[in-house]
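This report concerns only the one structure given below.
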Amino acid sequence: MTRSKKLLPVVLFLLAGFTGCRPEELDTVGIKVDPVRPEYAIPLIQSDLTLDDLIGTGGIGFVKKQSDGFLSLVYRGTVLSTRAGTLVPISDQTFQHTFSLTDAQATALNNGQSQTIPLDASYTFSMGSKEIDSLWIKAGNLTAALSGMIKTGGVLKVTFQDAYQGSGKLSIQLPFSYNSSLPVTASATKDLAGFHWDMTKGTPAYNAVNVSFELTLNPTTEVLSAGDRLDVNLDFKGVKYTRFYGFIGTLNLLSEADSIKLSVFDNATSGQFSIDDAKIKIICGNSFGAELKAGFKQLAGYTPGNAPVDVTGLPASFPIPIPNETNINVMQFDSVMLDKTNSNIVGIVNGKPKKVIYDVYADLNPNGRLQRNILTDESQFKCIVDVELPMYGTAKDFVLESVDSAHFDLEDTYDDMLENVLFRFTGVNGYPIGLETQLYLINAGGQVFDSLFTDRSYKFLEAAPVGADGKVVSTTGKTTDVVFDLLRAKRLRDLKRIKTRVNIGTLSQGGTYPSVKLYSNYVLRISVGVKAKLNLNLKAE
Amino acid sequence: MKPVLNKCFLAGIAMLFVLCKGQAQNNLTLYNMHTLPQRIQTNPAQVVDSRLFIGMPGFSSLHMLYGNNGFKIRDLVSVNDSNQLAIHPTRFYDALSKNNTISLNLNYDLLYVGFKLRKSYITLGMGEKVQTRFNFPKDFFGLFIIGNGGDNLGKEMNFNFGFDLMVYNDVHASYSRAFRKDKLRLGAKVSYLNGIANFNTEKSDLLFQTNPDDFHYTVRTDIRVNTATIFDTLNNSFEVSDPDFNVFKSRNRGMGLSFGATYQVLPKLVLSASVVDIGYIDWKDNVKNYKTANPSQKVEFYGLDFKDYFNDSTNINQSIQHMLDTFTDKFKLTESYQEYRTTLPATFYLGANFWLTKRHNFGLLFYGNYYQKKLNPAFTLSYNGKLTKILGISVSYSMINRSFVNGGVGLTLNGSAFQYYLVADNALGIITYRNASTIDLRTGINFTFLRKDKQSGLSGKGKKMGMQAKRNAYSG
């Protein structure tokens, strides 16, 4: 046997071995995925909450920071008077004059001679009890119109002697002509914007309008007669001013009642709360150059269902600055403060009123015609009432409660997926105020079916400790886990409302509650994360 | 072995651990196939049983290798008793390493010749090499399968996906010579390399951590990716229909070195060692580098703002958009055009062969490459025989890529000078692919001349010396 023949069986054996191995084939029906049980952690929320976030001024107030960072909560109410432009309008005015030909004038015109007839006239601006010394006009029109029975042409020039724009007087010309029919008519309009009108050149020395007419008639072959007339109308319409000098009479500027909602007490139900130095500051702004008297008809703390508690120590009237001619464009301010030294405001605030109600009046020229007035069309009276709560005080078992609608969607398909959910609340408290809280879950029947924590008032965060200077020296922190297993999570489908109960207490030192101060660098950081354990049975076709 | 040689040998091994970096080449069965000339590529000091060989031009060698050190197909899918395709996410996850690599290599020798000249053996060759590697992190799948809230809470997870592609020409020459009465043989190979295309993921860290206290996320990135090609991708798009052959005048040049040694310790025991493809390519043509602008930047996501959350959806959307903008801004990549260097996927082999006869031996081989600061070893036991002048065979058992069932086979079939060969480190893997982590196949045709049986690495004289030594030992 040759070597090749000896080798042949070996080669055949190897070939048989390899050809006997057949690659695995995929011939399957459908796909099945093994269940997996992942656990996912997700950060949901984190916020650094400021005092405004925590207390909430409800959009009607703000947090005031002093230079050292000390904070005050300010609730503000504002009343504004009507602006002078609306309060003291300039009514439309009409002045009339009639020219009548004399015999000599008619004869001269028929003899080919032109005639110029000058005339000065005085009128009075009709303003009732108001007296105009001068006006700076920003809008309005003068319309001059003539209608005549004189059978010739010519021109009428009307000049207002005391109304200037620059060095030019207010003047208007009306050319007219006779076209074989009567009456002869003409009209012209003039924009009054930019004119300054002095109305003191008369007796009395206000509302005086001095006008010069100059009527020029052309010679004519038509037959003219003595007594032929030409009527002139001067109409002032839509006059508005930027400045008004004069006297506007005695006016009731304002009489308005309003209220300031103290939202910090919105949800307060019980407990002690004290602000050591609550204040009410009344700030008056005025840009009427006129005597002005304003004050409260009422200022009181009010809680619905209870009688208002009047604030004592109210001033008889507010101090109101009156601008002069040079600063008439700028509102001037003055203020008066009611605090623990001159009123009962601290006691009223510590009674946790829901609102402060007030009624403000303001009168212009209350004592009559004692001085001339200066106004602009923007002149206004403004009264600001600030209820200021400096964040220096104490709270003990101060409970805030609120009920809000809520719902939780958990679809049936998640029943098999969810094993449990853990909510992790992490708080870092930089305020010397401790928080105890509880959330009650309420169903459609109004019944509480679950609560977030087992304690009625769960100590969510301890108050931060303070040093000798009353300032916080370090923060406190706490992590709270709340686990919802599948059964508990399913019950959330019944959720319709959540009742939140927050118990606030300032730092306690051996059972006493010394007043604490809040500063702008204090922060409450709240983080909410969720960790969900799932049981995923993925179905694939 | 003299002490000085011992020291050199140990120092050489130590150097191998430092220098070797890259991806699987394996060739575990090929290494010991003394009837196949291509074994010289695994150790330039090796010789074969033919004094002259010529690889068939165009089909000298075609080597395909798939390696997956992460998972086997069966870890991910199987067919259950109901004939359903069952997907096993958890089993798949458990099977993964921290960092996993799928390699797909294709080496094609256009030309390979070699001849013996007295005590020397010289080879010349040229070929094309395509090496791809896809890295995927266990952490990424862990995020979905295990989640970030259990065992992964607080752990810094790295989603460092990576992709590497290197295509280059290799023109090489090797020389080996026998020393010390033919007991020792030393060899070296030099390669001139010409790069065609490269995608190099130098770094791809995308680190994600969930804080165990409040579950907030911290993310940071450190990405460095380089690309280069001989085609002018910076200015033009390459069109296959109208190629510009000037592009082959590449400036992406490099070199590679391989060293090897064999030493006959005892008449029947030969030790061998080699380090293959220590080298580099400098990429200069059409280079683009992408780099994280500021690797120290990190983004922390604590959740939405309390006020936004309860106010309205507009604010929530704005918050989410703001977060995305922050990510985009902080993780911005910068582009540059600086040349760079990549190293070859170097490997090393340490072997021992016990020769039963001049035609049969048993081999023990330790293989390794060093990739991403981690040694990826393989271990092989083999029988290698020249059954007849026609048939040479190797049967191997290897542990590769954390897989302990890799049965390799190598065959050489000679008909006169004509030689066809087929080698696979995991022959069963080709058939039972679901269990395979490594599948490779090398095949080709050589023309071998003046074949003579002898122990690998030794000249005939050495063999005589070895027999003399054996007689001396017996007589002693």
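The values are calculated or read from the model by the stated rules, or taken from the named source; none is laboratory data. Predicted model, so just to flag it, every value in this text is computed and none were measured. Methodologically, a virtual Cβ is constructed for each residue, glycine included, from the backbone with ideal geometry; neighbour enumeration extends over all protein chains shown. Surface areas here come from the heavy atoms of the whole protein model, side chains and all, with no ligands, DNA or RNA. Shrake-Rupley method; radii C 1.70, N 1.55, O 1.52, S 1.80 Å.
Tabulated values for the structure
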| read-out | value |
| --- | --- |
| Tally, over the stretch A:472-491, of residues that are open to solvent by 40 Å² or more (accessible area, probe 1.4 Å) and in contact (Cβ under 8 Å) with a residue 24 or more places away in the chain | 11 |
| Within the stretch A:331-347, considering residues that are over 19 Å from residue A:319 (Cα atoms) and touching a residue at least 60 places away in the same chain (Cβ under 8 Å), the one most open to solvent (accessible area, probe 1.4 Å) | A:340 |
| Conditions (1) more than 14 Å from chain A (Cβ to nearest Cβ); (2) of a type outside the set (Asp, Glu); (3) touching a residue at least 60 places away in the same chain (Cβ under 8 Å): number failed by residue B:165 | (3) |
| Candidate set: the stretch B:213-230, residues that are charged (D, E, K, R) and under 27 Å from the mean Cα position of the chain (by Cα); chosen: the one nearest to the other protein chains (Cβ to nearest Cβ) | B:222 |
| Filter result (farther than 23 Å from residue A:518 by Cα and of a type in the set (D, E, K, R)) within the stretch A:378-403 | A:378, A:382 |
| Of all residues making up the stretch A:492-525, the number that are within 14 Å of chain B (Cβ to nearest Cβ), aliphatic (A, V, I, L, M) and either out of contact with any strand residue (DSSP E or B) (no Cβ under 7 Å at 6 or more places or on another chain) or open to solvent by 20 Å² or more (accessible area, probe 1.4 Å) (or both) | 2 |
| Leading residue by the ranking (most open to solvent (accessible area, probe 1.4 Å)) among those in the stretch A:157-174 that are hydroxyl-bearing (Ser, Thr, Tyr) and not in a loop (DSSP other than H, G, I, E, B) | A:164 |
| Complete set of residues in the stretch A:24-57 that are open to solvent by 70 Å² or more (accessible area, probe 1.4 Å) and either at the interface with chain B (Cβ under 7 Å from one of its Cβ atoms) or modelled with pLDDT under 80 (or both) | A:25, A:26, A:27, A:29, A:32, A:42, A:54 |
| Some residue of the stretch A:466-478 being at pLDDT below 85 and either outside any loop (DSSP other than H, G, I, E, B) or at positive phi (or both) | yes |
| Strands (runs of 3 or more DSSP E) within the stretch B:91-210 that include 2 or more residues among the basic types (Lys, Arg) | B:120-137, B:184-210 |
| Members of the stretch B:326-344 found to be surrounded by fewer than 16 Cβ atoms within 10 Å (Cβ to Cβ) and of a type in the set (D, E, K, R), listed by number | B:329, B:332, B:335, B:339, B:341 |
| Pair list, Cβ under 6 Å, 6 or more apart: the stretch B:422-439 residue more than 8 Å from every other protein chain (Cβ to nearest Cβ), other residue at pLDDT below 65 and part of a strand (DSSP E or B) | B:437/B:403 |
| Matching residues, the stretch A:128-140, being open to solvent by less than 70 Å² (accessible area, probe 1.4 Å) and outside any loop (DSSP other than H, G, I, E, B) | A:131, A:132, A:133, A:134, A:135, A:137, A:139, A:140 |
| Single condition residue B:356 does not satisfy, out of (1) open to solvent by less than 20 Å² (accessible area, probe 1.4 Å); (2) under 24 Å from residue B:412 (Cβ atoms); (3) touching a residue at least 60 places away in the same chain (Cβ under 8 Å); (4) among the hydrophobic types (A, V, I, L, M, F, W, C) | (1) |
| Residue match in the stretch A:366-377 (condition: acidic (Asp, Glu), surrounded by fewer than 18 Cβ atoms within 10 Å (Cβ to Cβ) and assigned to a loop (DSSP other than H, G, I, E, B)) | no |
| Residues of the stretch A:411-448 classified as touching a helix residue (DSSP H, G or I) at 6+ places or on another chain (Cβ under 6 Å), in a strand (DSSP E or B) and over 22 Å from residue A:41 (Cβ atoms), total | 0 |
| Where residue B:189 falls short, out of the listed (1) free of Cβ contacts under 8 Å to residues at least 40 places away in the same chain; (2) among the basic types (Lys, Arg); (3) crowded, with 19+ Cβ neighbours inside 10 Å | (1) |
| Residue that is farthest from residue A:70 (Cα to Cα), among those in the stretch A:441-471 that are of a type in the set (S, T, N, Q) and surrounded by fewer than 15 Cβ atoms within 10 Å (Cβ to Cβ) | A:447 |
| Where residue A:535 falls short, out of the listed (1) modelled with pLDDT under 85; (2) within 14 Å of chain B (Cβ to nearest Cβ); (3) open to solvent by 40 Å² or more (accessible area, probe 1.4 Å) | (1) |
| Within the stretch A:175-189, considering residues that are surrounded by 17 or more Cβ atoms within 10 Å (Cβ to Cβ) and touching a residue at least 40 places away in the same chain (Cβ under 8 Å), the one farthest from residue A:93 (Cα to Cα) | A:178 |
| Residue check, residue B:92 within 14 Å of chain A (Cβ to nearest Cβ) and crowded, with 19+ Cβ neighbours inside 10 Å | yes |
| The one condition in (1) buried (at least 24 other Cβ atoms within 10 Å of the Cβ); (2) under 15 Å from the mean Cα position of the chain (by Cα); (3) at pLDDT 90 or above that residue B:425 fails to fulfil | (3) |
| Evaluation of residue B:80 against (1) more than 28 Å from residue A:530 (Cα to Cα); (2) open to solvent by 20 Å² or more (accessible area, probe 1.4 Å); (3) at pLDDT 90 or above (one fails), failing number | (3) |
| Filter result for the condition that a residue is at pLDDT 90 or above and over 26 Å from the mean Cα position of the chain (by Cα), over B:338, B:318 | B:338 |
| Evaluation of residue A:154 against (1) surrounded by fewer than 20 Cβ atoms within 10 Å (Cβ to Cβ); (2) farther than 29 Å from residue A:196 by Cβ; (3) at pLDDT 95 or above (one fails), failing number | (1) |
